[in-house]
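Below is one structure, written out as structure tokens, with a few remarks after it.
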Amino acid sequence: MTNDRTSGALALRGVTIRLGGAALIDRLDLVIPPGDVATVMGPSGSGKSSLLAFVAGFLDHHVFKAEGAVLVDGVDVTRERPERRRIGLLFQDDLLFPHLSVVGNLLFGVPADIANRAERQALAEAALADAGLAGFGARDPATLSGGQRARVALMRALLSRPRALLLDEPFSKLDAELRGSFRAMVFEQARLRGLPVLMVTHDPDDAEAAGGVVVRLA
Amino acid sequence: MLALIPPATLFLFLAPVLVGLAGTLLPAFGYLPAIGATGFSLAPWRSLFDWPGFGSALRLTLSVGVLASLLSLAGAVALVATLSGTRWFARFQTALTPLLASPHAAIALGLAFLIAPSGWIVRLISPELTGWTRPPGDLVTIRDPHGLALVAGLLTKEIPYLAIALTAALGQVPAQRLIACARAMGYSRNTAWLKLVLPRLWPQIRLPFYAVVAYSLSVVDQALVLGPGNPPPLAVLAARWFSDYDLAQYLPAAAAGMLQLGLVVTGLLLCRCVEFALAKTGRHWLERGRRSGMGEWLLPLAAAPTAAVLAAGLLALLALALWSFAASWPFSAALPRSWTLAAWMSASGRLQSSLEATCLIACAATLIALILCLGCLEQESRRARKPGNGVLWLLYLPLLVPQIAFLFGLQVALVRLRLDGTLVAVIWAHLVFVLPYVFLSLADPWRALDPRYARGAASLGASPARILFTVKLPILLRPILVAGAVGVAVSIGQYLATVFAGAGRIATIATEALTLASGADRATIGVLGFAQSVVPLLCYSLALTLPRLIFANRRGLA
């Protein structure tokens, strides 16, 4: 009764990931409707990160054996290269490119088919304003605070017009105050844009705030 | 396309070594059709062994090689152990840069200026301490029959090389925490360093040390300046016979080259055995639990003379500069009386043409090496497969095989390809030595780059090529430029490779400096030696400042 044809959903169908002989993840089925946040929890080594790597397309197939399918908006992207999947990714660290300015980082994310320079610039500026960072474009990312950098990383991911979002413990390095507000901002943006979100976390608060399905790995 | 780069790279830098070895092995047994020798025989070996000075040449080779490699290792370990974790360590590394950048030959020339009986040191202390008003005639300080000056020359280059290798390895070991942990158990700092840190560094400096052993056993360029002439070390003897007008001398020369190879292989096997034995007895030494021992006073005691050797190396470079600008420098004056640019002017024609060739060859070899290495590393990260230990050994092969054992064979092959004496041949020969160094200095920073940058960029829709050119290469600009500077320095230092592949027809500053070493006046030698050190040093400083200018506003790359 999987309804992975729900328009705009991120769906996993029978995903199995093996390391050596052991199955880290065994026939996982999951449908995340647009705007929903599904949470994957489990101890270290339980396969959380491998699952994200599989969905994003970075799983090392020399080490892991994986089966199953990833569907975005009903289309199977399992065989697509990572850069063709249009699945956005946020890490524990912001990983802003250190050699580009803040706006340079954002422009890197704007799809190339928007060729008009002014239009690209306008999109980046609007994203900065959205993130409460208007006027920060020319800054060196290394001079921003942790919270500001996290927001730039989110806007960069969103500007690339993803169809789904993967979160790899993106709040764990922020202090308690920032964590709550940034988390709310990420979920809010995902809801506004109708993005299905798959989040990996250690923190039960994150799962509670997400309010969606929780998958526990052993 | 990218997948072809690793095999092409292996071919480009290993084929010359293997073809060259074969092309030297056959003449050593009497087969060299090019000069009409077609019958296999042991005659070349017999004439090598019958050469009157053979015994002393062999003894000299072994004593210089063993002494220089053991002292280099002991000195580098003592200095790094004493200085690491102190505020002097950073300054120490900066002080090494001129010695690392300067070619062996330039330092040898400068050292001769420094320690010769009429050299700078004697001038500084005469006549006050020595009573000498003219250079002492009976004092032998360079080209001594035991090769001690040559050992000193080798130490000034090999200690910095091993010290840098140790420093790089230190970056991957939590040395300060290991030492703190041992000190909490009552171990002294130096003992903790020797018992806990050094064993973990060893696997990473094993191959650099082997390269030092191979180089010290088979050195030619420094031996031409600092080593005894009659009999010379074995490798110099082979080089001399290879350049003899009597072509029949090629055969015993090839035999000498092969004997040289045998010495190096035996030496390295011996190192391996000693390592094995030390690993066995060393465990006992570690488990006995003694909190302090000889290391306490041995390390500082060894560090002091090592520092003196390095200081001598730096003074040697300064001596080259002084003599190149000296108008008159009568004996026993501490400094030149008057200064002039005359030597630079009169050498300018020679300098300009050889400098042009040098730079062209160095830039071409380095650029090719950089492209090949970056291609190999990019292919490695795309396939998410790290090559095994065997590849590292292959990479070191040109540094472990004595040059004299394969350059003649390479020249024979180049003659058959009608490439001998061309720039292409010299660039290719230089590439053989440039490529390993470029790869080694590039691989660590490349592999240390957080792979999530590339993943993040891919999830933003960037293609692998775009990620390479707009994310990886700019972030790694600094290590790429440093690797380039290393490549240029290695190329500028190549003497034998230039002589053989260039068939004596292509003159670089390295060949000019050594050709003039025995004949020309000190000012001209000073000009060529100094130029040979300054060019690589300029490249290093460019590699360090350029990224700082380009990324002036990017603290994350500082």
Probe 1.4 Å, protein heavy atoms only - accessible area per residue of chain A in square angstrom: 44 Å²
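Go ahead and estimate [θ] at 222 nm for chain B from helices alone: -39,500 (n - 2.57) per DSSP H run with n ≥ 4, summed, over the residue count, rounded to 500.
-23500 deg cm²/dmol
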Largest-first ellipsoid semi-axes for segment B:1-87, taking √(5λ) over the Cα gyration tensor eigenvalues, angstrom: 38, 30, 6
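Could you tell me which GluC sites (Glu not before Pro) in segment A:64-139 are loop residues by DSSP with no more than 15 other beta carbons within 10 angstrom of their beta carbon? Could you put the intermediate results ahead of the total?
Working: sites: A:Glu67, A:Glu80, A:Glu83, A:Glu119, A:Glu125; in loops: A:Glu80.
Taking segment A:64-139 and a limit of 15 other Cβ atoms within 10 Å, the loop GluC sites (Glu not before Pro) found are A:Glu80.
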Evaluated at q = 0.18 Å⁻¹: base-10 log I(q)/I(0), Debye formula over Cα of segment A:99-160: -0.53
Where the Cα pairs of segment A:54-95 fall when distances are cut into 10 Å bins, in %: 26, 50, 24, 0
Cα-derived Rg over Rh, computed across chain B with Rh taken as Kirkwood radius: 0.97
Protection proxy ranking of B:462-473, B:521-532 - average other beta-carbon atoms within 10 Å, highest first: B:521-532, B:462-473
At least 20 Å² of accessible area lost relative to the chain alone, listed for segment A:153-168 with a 1.4 Å probe: A:Arg156, A:Ser160
For chain A, the Rg and Dmax computed from alpha carbons only, in angstrom: 17.3, 54
Segment B:23-100: chymotrypsin sites (Phe, Trp or Tyr not before Pro) in DSSP coil with no more than 12 other Cβ atoms inside 10 Å: B:Phe40
Net charge dipole size for segment A:99-160 [Lys, Arg +1 and Asp, Glu -1 on Cβ; Debye, nearest 20]: 140 debye
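If you place +1 on the Cβ of every Lys and Arg, -1 on the Cβ of every Asp and Glu, and leave all else neutral, what size is the dipole of segment B:439-502 about its Cα centre, to the nearest 20 Debye? Walk me through the intermediate numbers first.
On the way: 6 positive and 2 negative charges, 53 e Å.
Computed about the Cα centre, the dipole is about 260 debye.
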Which of A:Val152, A:Asn105, A:Ala142, positive extreme of dipole for segment A:99-160 (C-beta unit charges): A:Ala142
DSSP loop trypsin sites (Lys or Arg not before Pro) with at most 14 other Cβ within 10 Å: longest gap in chain A: A:80-172
Dipole of the protein assembly as shown, positive direction: furthest Cα of B:Leu299, B:Ala458, B:Tyr210, with charges on the beta-carbon: B:Leu299
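Only loop residues by DSSP count here, and only those with at most 12 other Cβ atoms within 10 Å; note down the trypsin sites (Lys or Arg not before Pro) in segment B:69-167 that meet that.
Working: sites: B:Arg87, B:Arg91, B:Arg123, B:Arg143, B:Lys157; in loops: B:Arg87, B:Arg143.
The qualifying sites are B:Arg87.
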Highest-MSF residue in chain A out of A:Leu71, A:Leu165, A:Leu195 [GNM, Cα springs under 10 Å]: A:Leu71
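Kirkwood hydrodynamic radius of segment B:42-340 from all distinct Cα pairs, in Å? Don't skip to the answer; put the middle values down first.
On the way: mean 1/r = 0.0470 Å⁻¹.
The answer is 21.3 Å.
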Positive dipole terminus of segment B:287-399, leading residue within B:Gln379, B:Ala365, B:Leu351 (C-beta point charges): B:Gln379
Taking only Cα atoms of segment B:156-284, radius of gyration then Dmax in Å: 20.3, 69
The protein assembly as shown, dipole about Cα centre (Lys/Arg Cβ +1, Asp/Glu Cβ -1), debye to the nearest 20: 620 debye
Calculated Rg and Dmax of the protein assembly as shown using C-alpha coordinates, Å: 31.5, 105
Karplus 3J(HN,Hα) series, Hz, for segment B:332-338 with 6.51 cos²θ - 1.76 cosθ + 1.60 (x for Gly, Pro): 6, 6, 6, 9, x, 6, 9
Whole-Hz couplings from phi, Karplus 6.51/-1.76/1.60, listed for segment B:4-15; x for Gly and Pro: 7, 5, x, x, 4, 4, 4, 4, 4, 9, 9, 4
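Given N residues in segment B:307-404, what is Rg(Cα) / (2.2 N^0.38 Å)? Could you put the intermediate results ahead of the total?
Details: Rg = 22.4 Å, N = 98, 2.2 N^0.38 = 12.6 Å.
Working it through for segment B:307-404, the quotient is 1.78.
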Centre separation in Å (Cα based) which lies between segment B:1-65 and segment B:224-285: 12 Å
Segment B:1-157 - convex hull of alpha carbons, volume per residue in Å³: 229 Å³
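The values are calculated or read from the model by the stated rules, or taken from the named source; none is laboratory data. Everything numeric here is computed off the predicted structure, so don't read it as measured data. Don't worry about glycine lacking a Cβ; one is built from the backbone with ideal geometry, like all the others, and counts go over all protein chains shown. These accessible areas exclude ligands, DNA and RNA; they are computed on the full protein's heavy atoms, side chains included. Shrake-Rupley method; radii C 1.70, N 1.55, O 1.52, S 1.80 Å.
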